[in-house]
Amino acid sequence: MDLFPLFLTVKVSFFATALAASIGLFLAWAMAKREFFGKNILDVLIMQPLVIPPTVLGYYLLTLFGRSSPLGAFLEDTLGVQIVFTWKGAVIASMISSMPLFVKPARASLESVGKELEDAARLLGKTEFQVFKTITLPLAWRGIAAGVVMAFARATGEFGATLMIAGNIPGVTQTLPIAIFDAVQSGDNLSANLLVGVITLFSFLVLYAANRFTRGRL
Amino acid sequence: MNLELSLKKALNGFSIDVKLKLDSEMLVLFGPSGAGKTLILKMISGMIRPDEGWVSIGSRKVFDSAGGIDVPIRERKVGFLFQDYALFPHMTVYENIAYGISGLKKDAIGKKVGELLNVTRLTNLEARYPHELSGGQKQRCALARTLAIEPALLLLDEPFSALDYQVREKLRADLINIHSIYPITTILVTHDLEEAFMLGRKIAVVNNGAIEQAGAREDVFYRPRTRDVARFMGVRNIFNGKVVSADGPEVIITSPDIGEIKAMRSKEALRPGQEVSFCIRPEEILVIRPDRLVDAKVQDNILEGEITSVTGKGSTQILFLKVGQGDTLLKIELPNFVLRKLGLANGRRIRVSLKRENVWVIP
């Protein structure tokens, strides 16, 4: 059996989760601790992938990164980076889809660290970054860890948006969920069953580990 | 002056406007809940931004709305003790205390923390986490953490309110002791009268977002300037009256409640016909023993009435005496033994004297 889809899915999910967690941590912090103009709009935008159809999200990404858009043209002509129909496209699709699943619990746990504790640290002479590093983050890490796990789980199952932007190129952009779709379409039930088994077991283990890890705080 | 400020702030229908000057001593900010006491501390420390005004600590301006100065919290060197202590739950007692110390080598930090642990009686608890401490230990740990940065100013926000009575007594004594070791300009907020009297040589009474009276403890306690201050200071007997004469060494006031009363002259000039309030503390009222002649000193304001209730309050008893024509009740506080000796009980008629030097006139 061809294990490429499994390896690709792990690779894409890893990068997508890493990006979603680093960008998402900043967004979650800003929304938990700061007041700024357009905060509600930003919140709605981040949460969008939970409710809009993945194909719509994929269409947006295709339009944004396609060669006919200024951004796509700039990336390809100036930096020589192609997004559409590559595994990088799959990373972006997975990252955007899993962002809300990271930001929600991360923001809630950052908010749960009271202003009084952070003020206590400021009064003891600490900068904003020191306050975050030594007080907020250590007290909020459970929620952040939960967010990372959820984002990773979501990234491994990403299908619609990935298909739109990265396509279904066997050996190049065919991730596990897409390979299952492909196998079923072509009547290859053995491969389909195997792949379904793999991804079911994987998802189960991830959520089980996350629950153990965060003691049911998801 | 070590602390000088003039601050204004409007906050959801509540406004605050205070001016304060303070030397290296302990000032008690006293007032009812919701009067704005905590808000004043938070504005001094920088946690809440005033609308206008200025604050200087030592000789340094840390806030000035006109000059565009707003020194960040971390540079103000203000020690702040939160009502519920705000200890870092993921750090041990040692780590909490050492957290704010900067620019020292490891062994110097250890020495400094050790000294603070000693002063706050926490020496054997340094490896514990906050959830393993009692209320009093948490409070002392928070105080040690605050003192570790050698603050230029110490702000204590109702530091004893979350503790039981016995612990509170001990910690008040601790605080007085610690303040004598580290004589830092301190403001302590409380709504507990006993605490205010015990800890503050100077008291500022906060009411409705303003300082209604500030001064030496005895002045505020025995010579309140307004009815509200009198009320907050535990004076229950406050009456309305009209000045009859104010020329002699004493003021004569006539009151619809209890008749004619002689009082000491107040600092403010009074004129005949002026409406005033006057008050006497419950513990300053003397009960006249029926079997003795009335001494000249207590001859002034003698009232007769019937005891309507007697309530024990630990070492003292509270009596209510119905006097005058109306339903005026006089609150009297007496030591238990006096009550026993005189056999005072509900329904008995007694005579009391309001010595004129204890009657205070509020213009």
Checklist entry - If you scan the stretch A:132-150, which residues turn out to be crowded, with 20+ Cβ neighbours inside 10 Å, more than 11 Å from A:ALA21 (Cβ to Cβ) and away from chain B (no Cβ under 12 Å)? => result A:PHE132, A:GLY143, A:ALA146
Checklist outcome for this item: Conditions (1) away from every other protein chain (no Cβ under 14 Å); (2) assigned to a loop (DSSP other than H, G, I, E, B); (3) surrounded by 19 or more Cβ atoms within 10 Å (Cβ to Cβ) -> A:GLY171 fails only (3)
Checklist outcome for this item: B:ILE97 vs (1) part of a helix (DSSP H, G or I); (2) within 14 Å of chain A (Cβ to nearest Cβ); (3) over 22 Å from B:ILE176 (Cβ atoms): all pass except (3)
Item to check | Residue that is nearest to B:LEU11 (Cα to Cα), among those in the stretch B:21-33 that are more than 15 Å from the chain's Cα centre (by Cα) and of a type outside the set (Asp, Glu) | outcome: B:LYS21
Item to check | Scope the stretch B:176-221; condition acidic (Asp, Glu), closer than 18 Å to B:SER33 by Cβ and touching a strand residue (DSSP E or B) at 6+ places or on another chain (Cβ under 9 Å); matching residues | outcome: B:ASP192, B:GLU195, B:GLU212
Next on the checklist: Scan the stretch B:81-88 and tell me whether some residue there is away from chain A (no Cβ under 11 Å), out of contact with any helix residue (DSSP H, G or I) (no Cβ under 6 Å at 6 or more places or on another chain) and modelled with pLDDT under 95.
Outcome noted: no
Checklist outcome for this item: The one condition B:GLY200 fails out of (1) modelled with pLDDT under 90; (2) buried (at least 16 other Cβ atoms within 10 Å of the Cβ); (3) over 30 Å from B:ALA148 (Cβ atoms) is (3)
Item to check | Selection count where residues are loosely packed, with under 14 Cβ neighbours inside 10 Å and aliphatic (A, V, I, L, M), scope the stretch A:57-90 | outcome: 4
Next on the checklist: Going by what's in this entry, would B:GLY46 be described as at positive phi, without any contact (Cβ under 8 Å) to a residue 60 or more places away in the chain and surrounded by 14 or more Cβ atoms within 10 Å (Cβ to Cβ)?
Outcome noted: yes
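When the stretch B:111-124 is examined, which residues are found to be in a helix (DSSP H, G or I) and on the phi > 0 side of the Ramachandran plot?
Residues satisfying the conditions do not exist here.
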Item to check | Candidates B:SER255, B:SER266, filtered to the one that is at pLDDT below 85 and in contact with a Phe, Trp or Tyr (Cβ under 8 Å, 6 or more places away or on another chain) | outcome: B:SER266
Checklist entry - Condition test on A:SER109, is it in contact (Cβ under 8 Å) with a residue 24 or more places away in the chain, within 14 Å of another protein chain (Cβ to nearest Cβ) and among the polar types (S, T, N, Q)? => result yes
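Consider the stretch B:40-73. How many of its residues are within 14 Å of chain A (Cβ to nearest Cβ) and either of a type in the set (Lys, Arg) or part of a loop (DSSP other than H, G, I, E, B) (or both)?
7
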Next on the checklist: What's the total number of residues in the stretch B:179-197 that are touching a Ser or Thr at 6+ places or on another chain (Cβ under 7 Å) and buried (at least 22 other Cβ atoms within 10 Å of the Cβ)?
Outcome noted: 2
Next on the checklist: Looking only at the stretch B:125-164, how many residues end up being part of a helix (DSSP H, G or I), surrounded by fewer than 18 Cβ atoms within 10 Å (Cβ to Cβ) and in contact (Cβ under 8 Å) with a residue 24 or more places away in the chain?
Outcome noted: 2
Item to check | Subset tally (residues that are surrounded by fewer than 19 Cβ atoms within 10 Å (Cβ to Cβ) and within 29 Å of the chain's Cα centre (by Cα)) for the stretch B:229-261 | outcome: 5
Checklist entry - Which members of the stretch A:21-47 meet the condition of being part of a helix (DSSP H, G or I) and of a type in the set (Phe, Trp, Tyr)? => result A:PHE26, A:TRP29
Checklist entry - Filter the stretch A:96-126 for residues that are basic (Lys, Arg) and more than 24 Å from the chain's Cα centre (by Cα); which is nearest to A:VAL148 (Cα to Cα)? => result A:LYS115
Item to check | Matching option when the condition is in contact (Cβ under 8 Å) with a residue 60 or more places away in the chain and more than 29 Å from B:ARG225 (Cα to Cα), among B:ILE258, B:ILE285, B:ILE350 | outcome: B:ILE350
Next on the checklist: Please verify whether B:SER33 is in contact (Cβ under 8 Å) with a residue 24 or more places away in the chain, surrounded by fewer than 20 Cβ atoms within 10 Å (Cβ to Cβ), in a strand (DSSP E or B) and not aliphatic (A, V, I, L, M), treating the condition exactly as stated.
Outcome noted: no
Next on the checklist: For the stretch B:199-210, give me each residue that is touching a helix residue (DSSP H, G or I) at 6+ places or on another chain (Cβ under 9 Å), aliphatic (A, V, I, L, M) and within 17 Å of B:LYS9 (Cα to Cα).
Outcome noted: B:VAL206
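Do any strands (runs of 3 or more DSSP E) lying entirely in the stretch B:287-363 carry at least 1 residues that are of a type outside the set (Val, Ile, Thr) and surrounded by fewer than 13 Cβ atoms within 10 Å (Cβ to Cβ), and which ones are they?
In the stretch B:287-363, B:301-313, B:328-335, B:349-354 are the strands (runs of 3 or more DSSP E) which contain 1 or more residues that are of a type outside the set (Val, Ile, Thr) and surrounded by fewer than 13 Cβ atoms within 10 Å (Cβ to Cβ).
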Item to check | Residue that is part of a helix (DSSP H, G or I), surrounded by 20 or more Cβ atoms within 10 Å (Cβ to Cβ), modelled with pLDDT of 95 or more and within 19 Å of the chain's Cα centre (by Cα), where the choices are A:ALA18, A:ALA93 | outcome: A:ALA93
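The values are calculated or read from the model by the stated rules, or taken from the named source; none is laboratory data. Small disclaimer: the values here were computed from a predicted structure and weren't measured. As a convention, Cβ positions derive from the backbone with ideal geometry for all residues, glycine included, and neighbour counts pool all protein chains shown.
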